[in-house]
Amino acid sequence: MLLEQPGRIGALRLKNRAVMAPMGTNYSTTDGLSTERDKLYYAERARGGVAMIMTEAMVVTEHARPHHNSLCCYHDRFIPGLASLVEAIKAHDCHVFGQLNHRGALLRRSVLNMEPVGPSPWKNPNTGDAVRPLAISEIVGIQTLFVAAARRLRQAGYDGVEVHAGNGYLFQQFLTPRINKRTDRYGGAFDNRARFLIETIRRVKDALPDFPLIVRLSAAEFAEGSYTEAEIIELARRLEREGVAALDLSGGSNESPQLSKYCIQPPSFPRGCLGPYAKPIKQAVQIPVLVAGRVVDPDDAEALLRDGCADFISIGRALYADPHWCLKAFGRVRAPIRKCIACNICFERLTLEKDVACVHNPMIGTEFETLEHAEPQLFPTLQSRDPKRVLVLGAGVTGVEAARAAASRGHQVEIWEKSETAGGQMPLAIAAPDKLEVEPVWSYRWQQVKALGIKVRTSTVATAQTIKAFAPDFVIVATGARPRACPFDVSGLDAGVRVLHAWDVLRDPARIASAAAVTIIGGGMVGVETADLLALQGKRCTIIEALDTVAGGMARNNRMELLDRLKARGTAILSGVMVEKAHGTNLELRAADGTARSVEIGDCLVIATGPEPDRDVVPLLEEAGVEYALAGDCYRPGDFLSCLRDAWMVALSLEHRFRDAGTSGADARRNQYA
């Protein structure tokens, strides 16, 4: 396996070709100090087998902070915490580089009142904030700040430094003629546009000649008027001549969702998508090249190495999803990889100033994502000393995860499912275009349920009597949700207008004839994905949404790509309107400002107004007198993140639940609704 072979970056020997990409977490303090949570997060990924970790982007000045809780390196007070972080990583035979960055024009006034600055007057496309052009004295000052921050990294024990000159941040803003309109020595011709970066690298190398330095670049901007392939290749050669140890290649720009998707790719992008753009750069230099971009499983990494696109693989979101990705890839941990599904909720949470989370790995950044907690079946000595008889009601994702987590700790688990097949809402989740990437959320867990020998009884309707007869110590209720009824009266519609629920359409889109006209009520994720599926099949769709925006629960890169696709296929979106009446073949709508309008429904009215919890089994559990907990959508309809987090932690609670003999069963049951 090429990925498992050792390699070198400068004088450093790396034990394999897997490098953890620099990714934000928001796990630090609001003052930018590293925390125990940072240490847990990075140490577990070092333990998981990567050869080197690139810690998240750290700012070189207090005037350029990207997030409220991001790591910082602009003052000596950060050195002790970073040194502790480095020590935690190196304890697992893992090298560590620190990435330094200045976002420039992409700084946000909404975050700590940061002033956007750049090469030229501009507007931050994400926020509309005006960008102030930097004076030459400020450019020189920023170069000095990078040198000082790199020195702090060395003092903290880092093995090297990466300067971020890609993804639309300050150095790239100077590199690209799209943004750089200067007429002095830092603008105009390519030599001038590259000057800021080259001078900065030279200053860092002059100050720290033996400290390995990597530069991250966007191999392509994917935008009209951007720098050319010839220019980025020439820049790579110049950086090599300046003594850079390696190049780390990404793509796109985080200035807008339309360009950010080339950096943080949605599921429509092919695996290893940046390989073709990295290959010409690698062929032009002798130093090692790292490449990122939709590396989901080991075969993706292996293909990039085999095809000569890179020397090392920069693995990003896949390590959010599974910190033990490498050990599993190399066969040293006998468990399936939790594969990244490119939902990009991780990135969205950072943008919203939340701590990073992963729908596939809901315990990320906590002590519960250690290998012992994530794959307890591998540790016989950690099995429960007091195993319980556990009944799980529902064989959807939540129920299967709860069963997996409980059985792998030694509990005796059985799953009952009233439907003929297991899977719950998974067929709905993977029905829309490009959504097959979501399937590993199910297959990872189902594979383990089978390996653990958990009995799954389908077509089984629970009753108070059968529950009593099973005699469980505890019941985990994972009965999910059901479609919410249409929020308005449809009895006045013509008989020729069919009324269906979006779930039924996603299960069987052939229920709607080809070239039919469809109106969808509800523009949440289910509504827009239903429209996406139908529009792909040539059906004419209109989405009606009461809120001002549609698909609000989706990560913005994925959302914008989907909306662009809907627009290209002629889907109409009416947002900020309520349905007042349905009659004949029409809907009467009213906007928030009181404006009224009538729209023709077409052939079919599809209801996608969200689900409601399915708690029908709760009275039966009360009658049976057993203790239980609600998990997932039957507690509160949500997403994979909330469902899997519920399931995982409710299963873990079995170790603690029976210690408290002072809580009555009735009290415990009432607590489920608190």
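The values are calculated or read from the model by the stated rules, or taken from the named source; none is laboratory data. It should be emphasised that the depicted structure is a prediction, and the values quoted were computed from it without experimental measurement. Here the Cβ positions follow ideal geometry from the backbone for every residue, glycine too, while neighbour counts run over all protein chains shown. Areas reflect the complete protein model, heavy atoms only, side chains present, ligands, DNA and RNA absent. Shrake-Rupley method; radii C 1.70, N 1.55, O 1.52, S 1.80 Å.
When a/c is below 1.5 the answer is rounded, else prolate if a/b is larger than b/c, else oblate, so apply that to region 377-437 with a ≥ b ≥ c taken from the square roots of the Cα gyration tensor eigenvalues. Verdict is oblate for region 377-437.
Applying a threshold of 31 Å to the alpha-carbon distances of 15/279; 15/354; 15/282; 328/567 flags 15/354; 328/567 as lying beyond it. Cross-link partners of residue 205 among aspartates and glutamates, defined as those whose alpha carbon lies under 16 angstrom from its own and excluding same-chain residues fewer than eight positions apart: 159, 162, 240, 242. Here, region 1-102 yields an orientationally averaged convex hull projection of 6.5 nm² when only Cα atoms define the hull.
Pairwise alpha-carbon distances in region 285-432 exceed 21 Å for 58% of all pairs. Positive contributions from Lys and Arg (+1) and negative ones from Asp and Glu (-1), summed over other residues with Cβ under 15 Å from the Cβ of residue 146, come out at +3. Each residue of region 253-258 was assigned a 3J(HN,Hα) from its phi angle through the Karplus expression (A = 6.51, B = -1.76, C = 1.60, θ = phi - 60°), giving 8, 7, 6, 7, x, 5 Hz with x at Gly and Pro. By accessible area, using a 1.4 Å probe on protein heavy atoms only, region 80-208 has 50% of its surface on carbon and sulfur. A straight Cα-to-Cα reach below 22 Å connects residue 455 with the lysines 388, 418, 468, residues fewer than 8 places away in its own chain not being considered. Per residue, the chain exposes 38 Å² of accessible surface when a 1.4 Å probe is rolled over the protein heavy atoms with every protein chain present. Look at the Cα gyration tensor of region 272-359: its axes a ≥ b ≥ c give a/c of at least 1.5 with a/b at or below b/c, and that counts as oblate.
Surface composition of region 538-640: carbon and sulfur atoms hold 49% of the protein heavy-atom accessible area at a 1.4 Å probe. Distance between the C-alpha centres of region 421-454 and region 72-151: 41 Å, rounded to the whole angstrom. Within straight-line reach of residue 123, meaning a Cα separation under 16 Å, sit the following lysines at least 8 residues removed in sequence or on another chain: 181. Distance from the C-alpha centroid of region 471-513 to that of region 330-373: 31 Å, rounded to the whole angstrom. The HN-Hα couplings worked out from phi for region 611-625 by the Karplus form 6.51 cos²θ - 1.76 cosθ + 1.60 (θ = phi - 60°) are x, 10, x, 9, 10, 4, 7, 4, x, 5, 5, 4, 5, 6, x Hz, whole numbers, x standing for Gly and Pro. The convex hull of the Cα atoms of region 240-286, projected and averaged over all directions, covers 4.2 nm². Along region 71-76 the Karplus relation, 6.51 cos²θ - 1.76 cosθ + 1.60 evaluated at θ = phi - 60°, assigns HN-Hα couplings of 4, 10, 8, 9, 8, 5 Hz to successive residues, with x for each Gly and Pro. Calculated mean residue ellipticity, 222 nm, the chain: -9500 deg cm²/dmol, from DSSP H runs (n ≥ 4) at -39500 (n - 2.57) each, averaged per residue and rounded to 500.
Computed from Cα positions, the angle between helix 397-407 and the longest principal axis of the chain comes to roughly 80 degrees.
Overall, the accessible surface of region 347-417 at a probe of 1.4 angstrom is composed of carbon and sulfur to the extent of 53 percent.
For the peptides 10-18, 530-538, the ranking by packing is 530-538, 10-18, with the highest mean count of neighbouring Cβ atoms within 10 Å listed first. Of all DSSP bridge pairs formed entirely within the chain, close to 25 percent run antiparallel. Taking a ≥ b ≥ c as the square roots of the eigenvalues of the alpha-carbon gyration tensor, the chain is classed oblate because a/c is 1.5 or more while a/b is no larger than b/c. Computed from Cα atoms, the angle from the helix 525-536 axis to the main principal axis of the chain rounds to 80 degrees. What does the charge add up to near residue 583, with Lys and Arg as +1, Asp and Glu as -1, over the other residues with Cβ less than 15 Å from its Cβ? Net of charged neighbours comes to -2. Residues whose amide H falls under 5 Å from that of residue 168, counting only those 5 or more places apart or on a different chain, are 254, with hydrogens built in the peptide plane. Taking amide hydrogens as placed 1.01 Å from N in the peptide plane, the amide H of residue 182 sits under 5 Å from those of 188, each at least 5 positions away in sequence or on another chain. Below 11 angstrom from the Cβ of residue 429, what's the summed charge of the other residues (Lys, Arg +1; Asp, Glu -1)? My count for the surroundings of residue 429 gives -3.
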